[in-house]
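Here the structure comes first, spelled out in structure tokens, and everything after it is commentary.
The values are calculated or read from the model by the stated rules, or taken from the named source; none is laboratory data. No experiment lies behind these values; they were computed from the predicted model shown. Cβ sites come from the backbone with ideal geometry, for glycine too, and all protein chains shown count toward neighbours. Remember, those area values only see protein heavy atoms, side chains included, never the ligands or the DNA or RNA. Shrake-Rupley method; radii C 1.70, N 1.55, O 1.52, S 1.80 Å.
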Amino acid sequence: MATTLHVISHTHWDREWYLTFQQFRLRLVDLIDHLLDILEADPSYRHFNLDAQTIVLDDYLAIRPHARERLTRHIREGRITIGPWYELNDEFLTSAEATVRSLLIGHRMAAEYGPTMKIGYLPDQFGNISQMPQILRGFGIDNAVMGRGYQLVGDRQMEFWWEGPDGSRVLSSLMAFWYNNAQYIPADRQGARQALERIVATMKPRSATGHLLLMNGVDHLEPLPWIGGTIRELAADDGGAGGEWRIAHTTLPAYVDALRAAVADLPTPLAVRQGELREDRGGACLAGTLSSRIYLKQENARSQAALEHDAERLAGFARILGSAYPRDEMLYAWKLLLQNHPHDSICGCSIDQVHREMMPRFAQVRQVADELADRALDHLFGRDRAAGAQPGSTSLAVVNTLNWERTDPVEATLVFALGPPARSNPRRDDAAAPGGFRLVDADGAEVPFAVVGIETGLQTVLSPVELPLDQWVRRVRIEFVARAVPPCGYREYRIVPQAVMPEYALAESSGLAEELRALCLEDVGDVGDEYLHRKPLADRRVLARAEPSTGAARLDSAARARTRVAFTLDLPASGDAAGRSSETVVCPIVVTATRWAGVPRVEYRIEVDNRARDHRLRAMWDAGAGERAAAEGQYDVIERPIRSPLEAEGASPFHPQQTWVDVSGPRGGRAILNLGLPEYEVYEEGTSDAPRRSIAVTLLRCVGQLSGRGDGPGTRTPDAQCPGPHAFELAVFDHAGGWEEARVWQQAHQLSVPLRAVQCAPNERRPAERSFVRVEPAELVVSAVKGAEDRDSLVVRLYNTTHRAVSAALVQVEGARRMRPVTLNEEPVLDWTEGGAMRLDVGPAAIVTLECELAARASR
């Protein structure tokens, strides 16, 4: 078999890691400056791969805006390849929509400069999600080139087919000898030939095709100026002695084209690998990053929800009613969020300063998302915030952005005017606000609620044509359970004034003490680093339960039963490789358990003041004798064995999740729901005849260095010890049947995406309840309602969360004149279907994207 060496000159650009973003950016400017000089001076230097990320173009041109034309010329000539990604995100720690948005933005940015590289380049992600083949196919990419998640064991070869749960396949190439296997090729012909012969000897036995991928570069390194000339000389020699191989300075698309042609002629088909690629022998996937700096994961979960579920969907609903979709503002917010998603960022495996700078980005994402959501609500409910609080009767609309009817808690702040807005010395009339009120639904039924706070004070009223005004108001914070709120829509309630607040019976609280006792906190030593958890040789395990019999506070109301318990954990102060210290520190703990009336989950808030170092804290629940474990992935649910056979080969027992993990058996199951806590473990205790399983979710993993084994520098990282106060939100959902029958995903998403309440003026023309988007049956989950990237239309994306086909599914969008299926890249698949409803068959684990042309014209 002929051997061809495809030399790809490249850099792998970690935007921030062991240096800050700005420090690395200045190095990036140097790199691209020097690259452009080489390209212009040496025609034999044919190609350079700019790491498949378009974000580096923004970063470079922010410093060198005058170099745009020069850079663009080389991209259009094909000498610099860019895209298809905006940034190379960690796939497991970010949402499926975030992965799609990186490709959407990357494709459109690349098109501004030249051709988009249609390569599923995944060089250093810490494993690859199950749905990546389908996602890549949705962007017209039929291949993947990866560095981790698949390992050369046994007789495996570097080339294989990777198949997603829906059957999508991509031709895949494993960079088994890493993306720096040809990092340095000497300038002299003889030295270069000898170096390449060593590479060929190592790689050729593992290749099914004879096409070898030689990656000439690595993290942050600049191009070798001589490489073009050296390869030209070797090519003229017809490669190695005796013409044993050919060599070309080429591109990843050219390599994949050659691979595709060679595979078609193979006498034996390539192996097929299905599902997620997360083989972790020897800790190759750096699984400890699932729980490094958990506070980052929590902020990311909140920011993603604010963008995906609040800002985008509410803006989409407002677009249905004629409001202009804030496309530019959404793009700005998404770019800001995605800047926190590269693996060295969201994984929490960088120096402290990098992660300190991430927190303001998360805050800014939420600021933009919250304002865009409020603007959409203004349009949906005729609210004029510039007028301030208004006297008279008001309504309260409860908005549900999920695509199923739900009964869930609502927390709302009602604002009553005590006088008009004024520039100075506003009038105050306390009698203007009602002494009490009732909450009544559209059928006239009274809804019990609890008052959790009342305050009187000034609020600032902002107007586009006035300087800020002050207004005296009374704020009343209430909570209640809203029942049967329509999917992707709202239910409206009337606020009926009366002299005093009504009194309601307290919610049922029996059994809550047992729910508290069911929670166990486990603390062990961790002397690893930001990449990996390691136990000390002599570990000490500390277990504690929240005992409501000591120091419990009952906080029941008409809407919920709640018990709060405060206690302390005495933990070893620190640890090292040998063991945990004999010195201890006291870590205060507060656990609050809540059961909302009519809601089948029990919610937990765990507050920890962390004063210890070098340890890992987890929340654990008994899973009974459940036989199978399943966890939410990206557009998928992953069933994993209780214990992985790869653990004997050094693989981590800890696994990724999105919002839930479930263990089920013949008599039902238990799901643990979470908000921004992506690491879980299910493990067995007891005997083989009577096994008992526990589900553990990591709350804190506290370590003091970036790396201890060479994955990065061994820099001290005191912030990674996560000192100080933390709060964690989880819930337990016990159910009959398996996770599918119980629709576990619904309770998990309801925990992550609370109902939203907006106070507004009554309007007889506004329906008392409404659904803007309906998707049936329940197995189909809406992942996006957004404005199209390039057109004034609405995009609705859904996926089948099960691995069973769904026939004749219904998708209905209010105000749609016609609808059509499009790809993930929003390119048409079929012709338009007239009307605002479509019936379609949805395959197992399939992702479906629909474009809707709306009847209402957008207007500002």
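Values computed for the structure shown
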quantity	calculated
Heavy-atom surface of region 461-601, accessible at 1.4 Å and reported per residue (Å²)	44 Å²
Over region 57-207, volume per residue of the alpha carbon convex hull, in Å³	141 Å³
Selection from Pro391, Leu617, Ala597, by position along the positive dipole direction of the chain (Cβ)	Pro391
Ala558 long-range amide H proximity, modeled H, under 5 Å	Ala507
The chain, accessible surface, carbon-and-sulfur percent (1.4 angstrom probe)	49 percent
Solvent exposure of region 1-105 as accessible area per residue, Å², 1.4 Å probe	29 Å²
Acute angle (nearest 10 degrees) that the helix 96-113 long axis makes with the longest principal axis of the chain, alpha-carbon atoms	60 degrees
Segment Arg709-Leu331, length gained on full extension (0.36 nm per residue, minus Cα span)	132.2 nm
Residue-by-residue Karplus 3J(HN,Hα) for region 290-297, coefficients 6.51, -1.76, 1.60, Hz, glycine and proline x	4, 10, 5, 6, 4, 4, 5, 5
Cα-based convex hull volume of region 817-860 per residue, rounded to whole Å³	96 Å³
Solvent-accessible area per residue, Å², over region 674-742 with all protein chains present [probe radius 1.4 Å]	37 Å²
Pair Tyr184, Glu371: separation of 7 Å Cα→Cβ label points (nm)	5.1 nm
Shape of region 493-591, Cα gyration tensor, a/c cut at 1.5	prolate
Loop GluC sites (Glu not before Pro), region 76-184, which have at most 15 other Cβ atoms in a 10 Å radius of their Cβ (DSSP)	Glu77
Equivalent ellipsoid dimensions for the chain as semi-axes, Å, which come from the Cα gyration tensor, largest first	49, 33, 26
Relative contact order [Cα under 8 Å, 6+ residues apart], the chain, whole percent	13 percent
Within region 597-682, trypsin sites (Lys or Arg not before Pro) in DSSP loop having at most 11 other beta-carbon neighbours inside 10 Å	Arg667
Over the chain: helical MRE at 222 nm, DSSP H runs n ≥ 4 each giving -39500 (n - 2.57), nearest 500	-6500 deg cm²/dmol
Isotropically averaged projected area of region 309-445, using the convex hull of Cα atoms (one quarter of hull area), nm²	13.1 nm²
Alpha carbon centroid spacing (whole Å) that separates region 1-46 from region 403-466	58 Å
Whether region 729-860 is rounded, prolate or oblate, judged on the alpha carbon gyration tensor where a/c under 1.5 counts as rounded	oblate
Separation between Cα centres of region 137-192 and region 285-322, rounded to whole Å	31 Å
Tail fraction, Cα-Cα pairs, region 529-684, threshold 19 Å, whole percent	66 percent
In degrees, nearest ten, helix 252-264 long axis to first principal axis of the chain (Cα)	80 degrees
Nearest-20 debye value, the chain charge dipole, Cβ charges on Lys, Arg, Asp, Glu	940 debye
Long-range amide H partners of His12 with built H, under 5 Å	Val218, Asp219, His220, Leu221
Mean projection area, nm², convex hull over Cα of region 348-396	5.3 nm²
Antiparallel content of DSSP bridges confined to the chain, in %, to 5	85 percent
For region 228-384: rounded, prolate or oblate by the Cα gyration tensor [a/c cutoff 1.5]	prolate
